[in-house]
Amino acid sequence: MRMISSAVLFAATLLVSTTALARGDDLQNLQLLWTPNTTLSEMGPLDVSGPLLTSPIHFDAFVDQRQDHSLIGENREDAAKPRTVKTSADVPAFISTNMRDLARAAGANVSDAPEAVRISADVRQFFVIETDNYRGQISLLVHVRDAKGKELWTGIINGGAENYGRSFRADNYNETISNMLMRATYNLLASASFRDSLGKH
């Protein structure tokens, strides 16, 4: 009888834990997933020609300059009791990987060639605030260098996103994160000064 009771108790505990995670009650280790609900084309026309098409570019590792590398969001529906959202994922790697894939999909000449222009970035902001909706913001200090390390361009690229959904949900945080990263990528590829720098190597 005791063994049966223990098994029932364990199953009930597991069910409660699983339900809580599904509701998003525990977001202290959010798994970062690429789940945008928008596309680059929806953000406006993007001319992938000139240096973006002819100059090979390579995305190097990004560097996290945020004070708390794990903190990525906060629910402020109750101002007196904010709830944090954290992750153990490699945030700079998540950003650089998806920016690279988006640039390639847009038609940019992404390459591993030794002569490729190197793109890196310092991650200054990567955060989602939830009140009546989800508002995300990313800020990157982007560096463009030639294959020998000479700096060709440095600029700040921002990306914002706003999303609606049920309260304190992992999927809504991931959608907002993905959308703000997509917006930052669009802003980078659309930047005239960034594009011009690719032709200077």
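Just so it is clear, none of the values below were taken in a lab; they were calculated from the coordinates. Computed from a prediction, not measured in an experiment: that's the story for all the values here. Cβ coordinates were reconstructed from backbone atoms using ideal geometry, including for glycine residues, and neighbour counts include every protein chain displayed.
Overview of values
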{"read-out": "Whole-Hz ³J(HN,Hα) from phi, Karplus 6.51 cos²θ - 1.76 cosθ + 1.60, for the stretch 114-130, glycine and proline x", "value": "x, 8, 5, 5, 9, 10, 9, 7, 9, 7, 9, 8, 7, 8, 10, 10, 10"}
{"read-out": "Antiparallel DSSP beta bridges within the stretch 27-198, as percent of all bridges there, nearest 5", "value": "75"}
{"read-out": "Residue 42 paired with residue 67, simple spin-label distance in nm, labels 7 Å along Cα-to-beta-carbon", "value": "3.4"}
{"read-out": "Amide H partners (placed H, <5 Å) of residue 85, local residues excluded", "value": "72, 73, 74, 75"}
{"read-out": "Sequence of 169, 183, 76 once ranked by neighbouring C-beta atoms within 10 Å, starting from the fewest", "value": "76, 169, 183"}
{"read-out": "Long-range HN-HN contacts of residue 117 with modeled amide H, under 5 Å", "value": "57, 58"}
{"read-out": "From phi via Karplus (6.51, -1.76, 1.60), per-residue ³J(HN,Hα) for the stretch 137-148 in Hz, x at Gly/Pro", "value": "9, 10, 9, 10, 9, 8, 10, 10, 10, 7, 4, 8"}
{"read-out": "Sorted by Cβ neighbour density within 10 Å, fewest at the top, the residues 145, 124", "value": "124, 145"}
{"read-out": "Residue exposure sequence - 186, 164 - by fewest surrounding Cβ within 10 Å", "value": "164, 186"}
{"read-out": "Cα-based reach from residue 200 at 28 Å (exclusive), listing lysines while leaving out same-chain residues under 8 positions away", "value": "148, 150"}
{"read-out": "Normalised contact order of the chain, rounded percent, pairs of Cα under 8 Å and 6 or more residues apart", "value": "25"}
{"read-out": "Residue-wise HN-Hα coupling along the stretch 71-80, computed from phi with Karplus coefficients 6.51, -1.76, 1.60 (Hz; x: Gly, Pro)", "value": "7, 10, x, 7, 8, 10, 4, 10, 4, 7"}
{"read-out": "Student exercise, the chain dipole from Lys, Arg, Asp, Glu Cβ charges, in Debye to nearest 20", "value": "200"}
{"read-out": "Long-range amide H partners of residue 152 with built H, under 5 Å", "value": "144, 145, 146"}
